[in-house]
Amino acid sequence: MNVLLIGAGGREHALAWSLSASPLLGKLYCAPGNGGIAQVAECVDLDVVRHTDIIDFCRASSIDFVVIGPEAPLVAGLADDLGKAGIKHFGPSRAAAQLEGSKGFTKDLCRELSIPTAAYGRFADRASALAYLSRQPVPIVVKADGLAAGKGVVVAMTREEAESAVDACFSGAFGDAGSEVVIEEFLEGEEASFFALSDGTAALALATAQDHKRVGDGDTGPNTGGMGAYSPAPIMTPDLVERAMAEIIRPTIAGMARRGMPFKGVLYAGLMITSDGPKLIEYNARFGDPETQVLMVRLKSDLLAALLAVADGVLASMDLRWHDDAALTVVMATNGYPGSYRRGSEIRGLARAGEVEGVEVFHAGTRRDGDRILADGGRVLAVTARAPTISEAQARAYRAVDLIEWPEGFCRRDIGWRAVAKDQIA
Ligand code: AMP
Ligand code: GLY
């Protein structure tokens, strides 16, 4: 079958790499794709916001299945429009993608279903938000309700910081995303990324993973989309996986179905593992980036078959097998990220890096210029390695990183530190 993958990041390169190994695959296209995805798929220059262009392309190129990577097209209803056009797809409807698109929606759902999460208030005006704040302890977390490209969350250590975050939202710093504000209790613990496929009824957990959101070594500095990840996540014991499924994922899937907005896709729960157990920080309606890079190199089963089982509503009969090996990915970003940065610097040494045993170099933001690969984004590469232990995967990933010649880029040098420390005790 012919497949069209939507997206342009490291997540999509990893998905494309995995899809391209499927015996079910005919031809793989990716829109818009990037310089690395072009090695495994034909990149097509479609404007993803123009749903009719995507549908026309699907018809002209005999596309049997569309896999939607990022959140923006989901929240914009691409899955709904493909459905109306009779095109099979992987990714939730606009209504179900509210789990990511509206933090207030998700918090209300959690309250109704008694899903463990931070206590919160939801406000549409500055005065009532500030009045609520004045009654809460600090630290406290202020979030713009809508999609703000990962920038709409402030973990405020002081009341002043929290008040200025509220002001920023209501003064339009996040556009429409900030027209409502969620203020929530600060949760303490270790974070984990938890993924489950769902066909609207059944739910199937993926392997566990953790990412590093802060830009600097030691988990310091501003938040980013993710500077690295690893799998498995030692903190997610089998008991915690079962609790996350029973207390968070399954009630959500059942609740969404009852509301007439079944969630069909991959549900990504950002969890805080607190002393009381797992609590939901937020939902995403898509695969994580860079968690997908480590999950894909550990997946033994056919990804395309699994995504089709979701679309066909037969996930209950599906199982997934994983390599026992660990995986770790190091993101290389352009100097300046997550602030402003320049595009267009040349990256050399990628072929040699890709030859390190167990290593796949996924491209997150590159473009091809003849034979050259140029940086074309903030997060640019995800250097990913598989090995019997997390420590060995880390060593392999950094060996490959060190073969990449790119003075205009940087990476963290400590990806996986928590898991490596546990590895060495074990
Ligand atoms: P989010 O975009 O909701 O994932 O938030 C970004 C980051 O802010 C999370 O990964 C956490 O590190 C932090 N965060 C969000 N909500 C909370 C909370 N209630 N308590 C503590 N940290 C939080
Ligand atoms: N790794 C964080 C995210 O995908 O949102």
Somewhere in segment 333-351, is a residue touching a helix residue (DSSP H, G or I) at 6+ places or on another chain (Cβ under 7 Å) and in contact (Cβ under 8 Å) with a residue 40 or more places away in the chain? no
Residue in segment 393-413 that is farthest from Arg11 (Cα to Cα), counting only those that are part of a helix (DSSP H, G or I) and in contact (Cβ under 8 Å) with a residue 24 or more places away in the chain: Arg399
Can you find a residue that is modelled with pLDDT under 90 and touching a helix residue (DSSP H, G or I) at 6+ places or on another chain (Cβ under 6 Å) anywhere in segment 71-81? no
Filter segment 319-363 for residues that are surrounded by 16 or more Cβ atoms within 10 Å (Cβ to Cβ) and hydroxyl-bearing (Ser, Thr, Tyr); which is farthest from the chain's Cα centre (by Cα)? Ser345
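Residues in segment 258-277: is at least one assigned to a helix (DSSP H, G or I), closer than 25 Å to Gly83 by Cβ, more than 16 Å from ligand 1 (Cβ to nearest atom) and touching a helix residue (DSSP H, G or I) at 6+ places or on another chain (Cβ under 6 Å)? Even if it seems obvious, please write down each step before you answer.
As a first pass, look at segment 258-277 and keep what is assigned to a helix (DSSP H, G or I): 258.
Filter again for closer than 25 Å to Gly83 by Cβ, leaving 258.
Imposing the further condition that a residue be more than 16 Å from ligand 1 (Cβ to nearest atom) reduces the set to 258.
Filter again for touching a helix residue (DSSP H, G or I) at 6+ places or on another chain (Cβ under 6 Å), leaving none.
No: segment 258-277 contains no residue that is assigned to a helix (DSSP H, G or I), closer than 25 Å to Gly83 by Cβ, more than 16 Å from ligand 1 (Cβ to nearest atom) and touching a helix residue (DSSP H, G or I) at 6+ places or on another chain (Cβ under 6 Å).
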Is there any pair with a first residue in segment 31-57 that is on the phi < 0 side of the Ramachandran plot and touching a residue at least 24 places away in the same chain (Cβ under 8 Å) and a second that is assigned to a loop (DSSP other than H, G, I, E, B) and of a type in the set (Gly, Ala, Ser) whose Cβ atoms are under 6 Å apart and which are 6 or more apart or on different chains, and what are they? Pro32/Ala8; Asn34/Ala8; Val40/Ser20; Ile55/Ala85
Exactly one condition in (1) at pLDDT below 95; (2) more than 20 Å from the chain's Cα centre (by Cα) is false for Lys27; which is it? (1)
In segment 162-194, which residues are within 14 Å of ligand 1 (Cβ to nearest atom) and either without any contact (Cβ under 8 Å) to a residue 12 or more places away in the chain or closer than 18 Å to Ala254 by Cα (or both)? Phe194
Looking only at segment 104-125, which residues are of a type in the set (Asp, Glu) and either within 16 Å of ligand 2 (Cβ to nearest atom) or modelled with pLDDT of 95 or more (or both)? Glu112
One residue from Ser134, Ser128, Ser198 being within 22 Å of the chain's Cα centre (by Cα), polar (S, T, N, Q) and modelled with pLDDT of 90 or more: Ser198
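Please state which one of Val153, Val67 is at pLDDT below 95 and either of a type in the set (Lys, Arg) or within 28 Å of Ala244 (Cα to Cα) (or both).
Numbers: Val67 fails: at pLDDT below 95.
When all the criteria are applied, what remains is Val153.
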Please state which one of Ser62, Ser18 is hydroxyl-bearing (Ser, Thr, Tyr) and over 19 Å from Gln293 (Cα atoms). Ser62
Count of segment 214-255 residues which are assigned to a loop (DSSP other than H, G, I, E, B), within 14 Å of ligand 2 (Cβ to nearest atom) and either among the polar types (S, T, N, Q) or crowded, with 19+ Cβ neighbours inside 10 Å (or both): 5
If we ask which residues in segment 206-243 are within 12 Å of ligand 1 (Cβ to nearest atom), under 13 Å from the mean Cα position of the chain (by Cα) and in contact (Cβ under 8 Å) with a residue 60 or more places away in the chain, their number turns out to be 6
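The values are calculated or read from the model by the stated rules, or taken from the named source; none is laboratory data. Only a predicted model underlies this, so the values are computations on that prediction, with no experimental measurement involved. A quick note on method: Cβ atoms are made from the backbone with ideal geometry, for glycine too, and the neighbour counts reach across all protein chains shown.
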